[in-house]
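The values are calculated or read from the model by the stated rules, or taken from the named source; none is laboratory data. Just so we're clear, the structure is a prediction, and the values are computed from it rather than from any experiment. A quick note on method: Cβ atoms are made from the backbone with ideal geometry, for glycine too, and the neighbour counts reach across all protein chains shown. Each accessible area value is taken on the protein alone, full model and side chains, heavy atoms only, with ligands, DNA and RNA left out. Shrake-Rupley method; radii C 1.70, N 1.55, O 1.52, S 1.80 Å.
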Amino acid sequence: MAASEVGATPTHCPYCALQCGMSIAAGAGTAVIAPREDVPANAGGLCQKGWSAAEMLDVPDRVTGPLMRAHEGAPLEPVSWEAALDAIAARVTALQDAHGRDAVAVFGGGGLTNEKAYQLGKFARIALGTSQIDYNGRFCMSSAAAALNRAFGMDRGLPGPITDVGDADVVFMAGGNVAETMPPFMRHLSRLKDGGGALIVADPRRTPTAARADLHLQLTPGTDLALANGMLHLAMSEGLLDEAYIRDRTSGFDTLRTTVNSYWPERVERVTGVPVAHMREAVRMLAAGRRSLILTARGAEQQAQGVDTVTAFINLALALGLPGTEGSGYGCITGQGNGQGGREHGQKADQLPGYRRIDDPAARVHVAAVWGVEPEAIPGPGRSAYELLTALGTSGGPRALLLFGSNPVVSAPRASVVEERLNALDLLVVADFVLSETALRADIVLPSAQWAEESGTMTNLEGRVLRRNRALPPPEGVRTDLEIIRGLAVRLGAPGTWSTDPEEVFAELGRASAGGIADYSGITYERIEREGGVFWPCPSPGHPGTPRPFLERFATPDGRAVFTAVEHRGPEEDVDDGYPVYLTTGRVLAHYQSGAQTRRVKQLVEASPEPFVELHPDLAERLGVEPGSLVRVSSRRGVSVARARLTDTIREDTVFMPFHWGGEGRANTLTNPALDPVSRMPEFKVCAVRVEPAGPHAQDPLPQGFR
Ligand SMILES: Nc1nc2c(c(=O)[nH]1)N[C@H]1C(S)=C(S)[C@@H](COP(=O)(O)OP(=O)(O)OC[C@H]3O[C@@H](n4cnc5c(=O)[nH]c(N)nc54)[C@H](O)[C@@H]3O)O[C@H]1N2
Ligand SMILES: Nc1nc2c(c(=O)[nH]1)N[C@H]1C(S)=C(S)[C@@H](COP(=O)(O)OP(=O)(O)OC[C@H]3O[C@@H](n4cnc5c(=O)[nH]c(N)nc54)[C@H](O)[C@@H]3O)O[C@H]1N2
Ligand code: SF4
Ligand SMILES: [Mo]
């Protein structure tokens, strides 16, 4: 039966923030997926991951009942849900009695639905009473979020509907490779180009996205901030500033002039490797466009100066008068399925639902009333993701971790240290569908329902709240995350209500978010269904939602956008004689994140079977590396081995590794955990390495492949 036929359930993809619309027809055998035409983000398109997503529902090694170790070092063995949940509650209580509430930590994910993210934040604060909660969005969205808050007073990824991309005259994309990370996004870029518009891409590699660009700025990794300041310098010297806009809608521009003055074009060319003529052309194009969009993604953001880098691009956009005008502006391309909603409702260390600050007394009073506790019962801010993971099992750090929706053994920076810290815990509990590299280390594994087996809401990269609908029941023995959270909350004697009905939890989330920045209180399941999604903020049932938040005013106290002067500091670790090559990391089309899901889907593994190192043929020749041979990549933090893939699309001073694999070929053995001082985002996108032939006796790193 075709999924578009009667009986198919309309829903959205389990993976990235584009949240492509799809329908699932479940019957005998593997469910059948078909793209939906009625969802603007994908308008009938899906990538290979989306098409094959149903295979994950019945992978042979899916966990279908709780697993527990009888004692440390014992194998994981099946136990009943009662036994698993009782054991967790007993051990958590004992650890907290002995070492205090913060002895137990929680780690969440940007793939969790709004309902789950909300409930997990609430669970940490009032069931466990711990301040120690953070999530993998810290590795993803935190730098753009901090810069957006600073400049506009609100962090909503895109400034308008995604169709604005196709309607634009010029799109400038810094550090985004959407042709591989969100393939149906290319439809919008094709529409842009068909309409005579232009695409500019800044990336150290000529990616499939950059190959489609009218102008490719092939910059040195970690130099985006200098590039943005250099472009602003040119905009000033060429008289391209929108003076009236700067006067009427912004503040702080004068503080910027002196800083930007020193970014004269030749100096910026030396730092970035981008020819002055190209920078000039890019600025002129952006200024000439009636509708121009400046977008950033992880390439520009995952740097130890990521917040300032995004700020520099926002400064450029503001100086050209783009933000807060229809169809133009600055936007960040959110990554994970619920990367937007997941950063709004309280699984972040410093946050309460509705994008409220946990240290704001009024916010605490409001949320405490919804939760049915006293404001004093809500703990203060905790540690950020990497700081939390590296505090585990240290003296004064948490002794137990409950983890939902992340696989840090593969995805965290300097992952060997994170592995050590996880091993040092007294108790590691992982809720997952499969035995991920992290779940394999757990003391207790709780099998969770997958996306097609439960309902909930996701907020996509546009800020549009969407419904994920249950198409089939979970396998016998598997529970939803909401059921797991309830099971634990009840055993811990938590105050408040712990519904397992997503619609009820969403209504509570709405009340908790009411009056906050990310106000969902006017959104209901019924409205989402009827209207095909609702944009937040939506503060009342009669409110239409807010597709373009800044048209009238910015969300700052005086309604003006804020310029902040920022200086290029460069990567925390630069190349030198010992480590002479830059390593950058990122994604390939076929795999998603830590690969825990996609490395189990046959056609995706066939498309991309193993870890690799991309390097320029001239660099390979200098190093004596043969195409297809194994190379050893060393950084100050460790050594990885992967297969050499030669291509002249990458700079000669840079190598690239995807981070989708664990084991020998793990990119994150090498990465530098230098953190941005504001967002605490790690510098995944640049560190210094040495590359050499691995030699004839090297072990092939393939065992991570399909099983
Ligand atoms: N196939 C696939 N799609 C995904 C995901 C996935 O894992 N796989 N994950 C989803 C998630 S969570 C995210 S966050 C998004 C990420 O989406 P993207 O940001 O598009 O993905 P990345 O590959 O991390 O990085 C993009 C580009 O940044 C470039 N880059 C590296 N260093 C620099 C630099 O210093 N400056 C600049 N300007 N560019 C640099 C890289 O060469 C790369 O081409 O993708 C989402 N979609
Ligand atoms: N070197 C390098 N490292 C990076 C990056 C990079 O560009 N370079 N990018 C970073 C970025 S942007 C991100 S977002 C992170 C992502 O990295 P991770 O946080 O590891 O993300 P996933 O691989 O998506 O992990 C999700 C895990 O939870 C499970 N899971 C999925 N959905 C659910 C659910 O609803 N409930 C439960 N209980 N489990 C679920 C999956 O099976 C999987 O094991 O990686 C970061 N790491
Ligand atoms: S682009 Fe993203 S949302 Fe769309 S099908 Fe692919 S992974 Fe799924
Ligand atoms: Mo991400």
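Using a probe of 1.4 angstrom and keeping all protein chains present, the accessible surface of the stretch 581-693 works out to 31 square angstrom per residue. Accessible surface area normalised per residue over the stretch 333-469 is 24 Å², counting heavy atoms of protein chains with a 1.4 Å rolling probe. Looking at the stretch 293-354, the pairs of alpha carbons with a distance over 16 Å make up 57% of the total. For D86, the solvent-accessible surface with a 1.4 Å probe is about 80 Å², rounded to the nearest 10. Backbone geometry of the stretch 456-473 corresponds, through the Karplus equation with coefficients 6.51, -1.76 and 1.60 at θ = phi - 60°, to 3J(HN,Hα) couplings of x, 10, 10, 10, 7, 4, 7, x, 9, 7, 10, 9, 9, 10, 5, 10, 7, x Hz, x marking Gly and Pro.
A simple charge model with +1 on the Cβ of Lys and Arg, -1 on the Cβ of Asp and Glu and nothing else charged puts the dipole of the chain at about 280 debye relative to its Cα centre.
In µm²/s, what is D for the chain at 37 °C and 0.692 mPa s, where D = kT/(6 pi eta Rh) by Stokes-Einstein and Rh is the Kirkwood radius from Cα pairs?
Here the translational diffusion coefficient equals 129 µm²/s.
Tell me which lysines have Cα within less than 25 Å of K685's Cα, excluding those fewer than 8 residues away on the same chain? Those lysines meeting the cut-off are K49, K348. Give me the net charge of C47's neighbourhood, meaning all other residues with Cβ under 12 Å from the Cβ of C47; Lys, Arg count +1, Asp, Glu -1. Within the 12 Å Cβ shell, the charges total +2.
If R₀ is 22 angstrom, what is the calculated FRET efficiency for the pair R101 and A369, using the beta carbon separation as r and rounding to 0.05? My answer for the efficiency is 0.55. Ranking G289, V678, Y263 by how far each Cα lies toward the positive end of the dipole of the chain (charges on Cβ) leaves G289 at the top.
Would you tally the net charge around G197, using a Cβ to Cβ cut-off of less than 14 Å, leaving G197 out, and scoring K and R as +1, D and E as -1?
Taking every other residue near G197 into account, the sum is +1.
A probe of 1.4 angstrom, applied to the heavy atoms of all protein chains, finds M182 with accessible area near 10 square angstrom. Taking 0.36 nm per residue of separation and subtracting the current Cα-Cα distance, fully stretching the chain between E606 and S251 would add 122.5 nm. Across the stretch 342-354, coupling constants 3J(HN,Hα) worked out from phi with the 6.51/-1.76/1.60 Karplus curve, θ = phi - 60°, read x, 9, 10, 10, x, 8, 8, 4, 10, 9, 10, x, x Hz, and Gly and Pro carry x. Only Cα sites of the stretch 552-616 enter the Debye sum here, all with the same form factor; the resulting log10 I(q)/I(0) across q = 0.23, 0.24 1/Å is -1.00, -1.05, listed in q order. Can you classify the stretch 581-693 as rounded, prolate or oblate using the Cα gyration tensor, where a ≥ b ≥ c are the square roots of its eigenvalues, rounded means a/c under 1.5, and otherwise it's prolate if a/b beats b/c and oblate if not? Oblate, since a/c reaches 1.5 and b/c is not below a/b. Accessible area ranking (1.4 Å probe, heavy atoms, ligands and nucleic acids excluded), largest first, for H71, H697, H543: H697, H71, H543. Dipole of the chain computed with +1 at Lys/Arg Cβ and -1 at Asp/Glu Cβ about the Cα centre; of Y330, G175, Q593, farthest Cα towards the positive end is Y330.
For the stretch 40-161, rounded, prolate or oblate, judged on the Cα gyration tensor with a ≥ b ≥ c (square roots of eigenvalues), a/c < 1.5 rounded, else prolate if a/b > b/c? The shape class here is oblate.
Stokes-Einstein D for the stretch 376-450 at 37 °C, 0.692 mPa s, Kirkwood Rh over Cα pairs, in µm²/s?
After rounding, the answer is 255 µm²/s.
For K193, the aspartates and glutamates whose Cα falls under 12 Å of its own Cα, not counting residues fewer than eight places away in the same chain, are D167, D169, D214.
Here the stretch 581-693 is treated with +1 on each Lys and Arg Cβ and -1 on each Asp and Glu Cβ, and its dipole about the Cα centre works out to around 520 debye.
For the chain, the residue among Y579, A439, I485 whose Cα projects farthest onto the positive side of the dipole built from Cβ charges is I485. Here the Debye sum runs over all C-alpha atoms of the stretch 326-393 as equal scatterers in vacuum, and log10 of I(q)/I(0) at q = 0.19 Å⁻¹ comes out as -0.85.
Residues in the stretch 395-408 carry Karplus couplings, in order, of 5, x, x, x, 9, 9, 9, 10, 10, 10, x, 7, 9, x Hz; the curve used is 6.51 cos²θ - 1.76 cosθ + 1.60 with θ = phi - 60°, and Gly or Pro positions show x. Per residue, the stretch 9-58 exposes 30 Å² of accessible surface when a 1.4 Å probe is rolled over the protein heavy atoms with every protein chain present.
Mind ranking 373-380, 586-593, 282-289 by how tightly packed they are, going by the mean number of other C-beta atoms within 10 angstrom, highest first?
Listed from highest to lowest mean packing, they are 586-593, 282-289, 373-380.
Taking label points 7 Å from Cα along the Cα-to-Cβ direction, A211 and R69 give a separation of 4.6 nm.
Using a probe of 1.4 Å on the protein chains alone, the accessible area found for S455 is around 40 Å². In loop segments of the stretch 42-151 as defined by DSSP, the GluC sites (Glu not before Pro) with at most 16 further C-beta atoms inside 10 Å of their C-beta are E72.
At a 1.4 Å probe radius, carbon and sulfur cover how many percent of the accessible area of the chain?
50 percent
Rounded, prolate or oblate: which one fits the stretch 485-533, using the alpha carbon gyration tensor with axes a ≥ b ≥ c (rounded when a/c is under 1.5, else prolate when a/b beats b/c, else oblate)? Oblate, since a/c reaches 1.5 and b/c is not below a/b.
Around D574, what is the net charge, scoring Lys/Arg as +1 and Asp/Glu as -1 over all other residues with Cβ under 13 Å from its Cβ?
Net charge around D574: -4.
Considered as an equivalent ellipsoid built on the Cα gyration tensor, the stretch 9-58 has semi-axes of 18, 12, 8 Å, the largest given first.
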